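The values are calculated or read from the model by the stated rules, or taken from the named source; none is laboratory data. Treat the numbers as computed from the prediction; the structure is a model and nothing was measured. With ideal geometry, Cβ positions are generated from the backbone for all residues, glycine too; neighbour counts draw on all protein chains shown.
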Amino acid sequence: MNKSHYFAELFESYQSEIDDLRYDSEGKNVLKSRLALKRSVFSDLMPMIGFSPEMVISVFHGSMVAHNPKLMQQVIQGSPEGELLAWQDVAPHVTFTPEMAPLVQIALKAPGGDEFMVIAAGLLYLSTSHAVDGVAQDVNVAVEADVPSENAEGDEDEDFDGEAPQGEDWLSDQGFDRRSPE
């Protein structure tokens with residue numbers, strides 16, 4: 001699949017972001033709850049679209065279907081510094097899940113939102129398309145955002161209070177010896 005240097009690098013960062021969100025320190029799949037948390041603070045993330053768009057685009061993970069692979073191939077061959085299709089040309093060829101509609105509208109109202117949504121569509125397309133003999137194939141299904149890992153018994157992050165274990169307590173929980181007495 002031909003993609004610009006910009007999209008190649010950004011997609012690698014996007015994949016790393018999704019991998020970071022997917023599992024907790026115990027190896028449990030917590031992607032669904034972490035995406036829900038990011039989606040709940042989406043407006044607060046919007047200032048990052050200019051310097052770290054993959055961190056913001058991750059909120060849309062698994063929520064878009066591209067209906068025109070040829071057009072999407074044009075998208076991923078562009079870059080903000082060069083030629084990038086306009087959102088008005090891309091929008092009719094992608095569908096977001098209904099719960100993402102408010103977030104798409106928030107993004108489009110932000111400065112640079114149109115360009116951000118084109119980049120988002122490109123990354124999401126790359127994350128859900130398959131290359132066969134170098135030609136992108138239309139997947140026509142949104143990716144399930146919560147694919148359980150083999151050792152996951154469920155999403156235990158639902159009651160997460162925002163505070164992670166700190167310092168020696170966390171290390172001790174991971175099997176390391178304490179340096180100081182309890």
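Restricting SER52, SER79, SER43, SER25 to residues that are more than 17 Å from SER129 (Cβ to Cβ), under 13 Å from the mean Cα position of the chain (by Cα) and of a type in the set (S, T, N, Q) narrows the list to SER52.
Looking only at the range 74-89, count how many residues are polar (S, T, N, Q) and within 16 Å of GLY50 (Cα to Cα).
1
Going by the conditions given, is VAL147 under 17 Å from the mean Cα position of the chain (by Cα), in a helix (DSSP H, G or I) and either modelled with pLDDT under 95 or within 23 Å of HIS5 (Cβ to Cβ) (or both)? Criteria not met by VAL147.
Within the span defined as the range 26-36, one or more residues are in a loop (DSSP other than H, G, I, E, B) and either loosely packed, with under 15 Cβ neighbours inside 10 Å or acidic (Asp, Glu) (or both). Sort out which residues of the range 52-68 are farther than 13 Å from LEU124 by Cβ and either in contact with a strand residue (DSSP E or B) (Cβ under 7 Å, 6 or more places away or on another chain) or assigned to a helix (DSSP H, G or I) (or both), and write them in order of number. Of everything in the range 52-68, just one residue is farther than 13 Å from LEU124 by Cβ and either in contact with a strand residue (DSSP E or B) (Cβ under 7 Å, 6 or more places away or on another chain) or assigned to a helix (DSSP H, G or I) (or both), namely MET55.
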